[in-house]
Amino acid sequence: MIIQTVAQSRLGEKDFNELPFGSVYADHMLVADYENNSWQAPKIVPFARMEMSPSLSALNYGQAIFEGMKAYVNDNGEAITFRMNENYERMNRSAIRMCMPEIPEHIFVDGLKALLQLDNKWIPRQENAALYIRPILFATDEAVGVKPSDNYRFCIMTCQIASYFKEPLKVLIEPEFIRSAQGGVGFAKAAGNYASAMYPTKLAQERGFHQIIWTDAAEHKYLEESGAMNLMLVINNVVITPSLSDSKLAGVTRMSLLHIARTWNMQVEERLVSIEELIAAHTNNTLQEVFGVGTAANIAAIKMFHYNGVDYELPAITENSFQIKGGGYLNQIKQGKTTDVFNWNTTIPVK
Ligand SMILES: Cc1ncc(COP(=O)(O)O)c(C=O)c1O
């Protein structure tokens, strides 16, 4: 791997406690270009702006996908990442759907390891902080005309982050707008999915909600997912989550928490979850928990959901709540604070 290091590190220039989410990037980034039908050698270079033409295909037609992961350090100061391969495979599923070339493993996986090794000192040592990893792939043809681009750039950048949400969430069950539909690209981490969610989310935020819980496109009857999170419920001690489909992102946090629940012999159900069922469980007091799960948001408690003019307050979370016990255990594994019994972490030795 070609590695070009910075002359002077920017580490420590900004006060970590003042960092806005996703704005201060580590010293280096990985860049690999796809040209002449093949991937060129990846390079690690100083993090910097990129020059581009206004005709850039990604800007005009939206062939742009991304991933989101986190790195922590263990007690030996080694970088650890969580289920890296799941993100790698999901990125390539997104690439196929958006008609983009798949990224070879040596570029994504080995490139990320080399990057984390080089920028190890950027991984925050503070409690509840992490180095957020953002791989992106975008089309780089410089010509207008709707067609799949011939050229692409893959890049991995990293940035220091603290908590995503500061308080339990109030969410709106969305009765009108949709995030994605059957046959669409909801299962892909396509940039456009996030763009189209912004306007409905802004309207919900103006009404005092933090996030939207999306409902199905056909009938607005079933719960889908929320913002950058999958959704989980506990009803009558059963962990329930909307089943995966082509309209939802298959979250790594979701799959890991379900695995933990099953390992703990909890009953787990992946199926359609209707708004009617949610409200009935709330009314008959069997609804114990509703929460969001995702890499950036972590385990996000929901304290109230709103549907059709009514606010539904959720029961208080206790130390026995699954989101606390299961989510806490998951975080301990991710942060290298307990034995990685499922073999989920990749450890990257200090150079
Ligand atoms: C739309 C959407 N759903 C769910 C998730 C949660 O996925 P993961 O747990 O892999 O971060 C994310 C975040 O990546 C997301 O953007």
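Every residue, every condition in (1) away from the ligand (no atom under 15 Å from the Cβ); (2) open to solvent by 10 Å² or more (accessible area, probe 1.4 Å); (3) farther than 30 Å from Val185 by Cα, yes or no:
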{"residue": "Asn237", "(1), (2), (3)": "yes, yes, yes"}
{"residue": "Met255", "(1), (2), (3)": "no, yes, no"}
{"residue": "Leu278", "(1), (2), (3)": "yes, no, no"}
{"residue": "Asn343", "(1), (2), (3)": "yes, yes, yes"}
## Note on the structure
Heads up, the strands (runs of 3 or more DSSP E) in segment 9-71 (entirely inside) with at least 2 residues that are more than 18 Å from Gln126 (Cα to Cα) and open to solvent by 30 Å² or more (accessible area, probe 1.4 Å) are 28-35, 43-46
## Note on the structure
The strands (runs of 3 or more DSSP E) lying entirely within segment 276-351 that contain at least 1 residues which are β-branched (Val, Ile, Thr) and farther than 30 Å from Glu78 by Cβ are 287-294, 298-307, 310-313
### Message
Being within 13 Å of the chain's Cα centre (by Cα) and within 18 Å of Ala191 (Cα to Cα) is the filter here; which residues of segment 52-89 pass it?
### Response
Ile65, Phe66, Glu67, Gly68, Met69, Asn87, Tyr88
### Message
So the check is Cβ under 6 Å with 6+ separation or different chains; which pairs have a first residue in segment 287-308 that's in contact (Cβ under 8 Å) with a residue 40 or more places away in the chain and within 16 Å of the ligand (Cβ to nearest atom) and a second one that's assigned to a strand (DSSP E or B) and among the charged types (D, E, K, R)?
### Response
Thr295/Lys70
### Message
Checking the conditions here, which among Ile213, Ile123 is in contact with a Leu (Cβ under 9 Å, 6 or more places away or on another chain) and assigned by TED's automatic domain parsing to the domain that holds Glu78?
### Response
Ile123
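Yes/no matrix, rows are residues, columns are (1) within 14 Å of the ligand (Cβ to nearest atom); (2) at positive phi; (3) without any contact (Cβ under 8 Å) to a residue 12 or more places away in the chain:
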site	(1), (2), (3)
Ile136	yes, no, no
Asp141	no, no, no
Val146	no, no, no
Tyr164	yes, no, no
Leu172	no, no, no
Gly184	yes, no, no
Glu219	no, no, yes
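The values are calculated or read from the model by the stated rules, or taken from the named source; none is laboratory data. Computed from a predicted structure; not experimentally measured. We place every Cβ from the backbone using ideal geometry, glycine too, and count neighbours over all the protein chains shown. Only protein heavy atoms, including side chains, enter the accessible area calculation; ligands, DNA and RNA are left aside. Shrake-Rupley method; radii C 1.70, N 1.55, O 1.52, S 1.80 Å.
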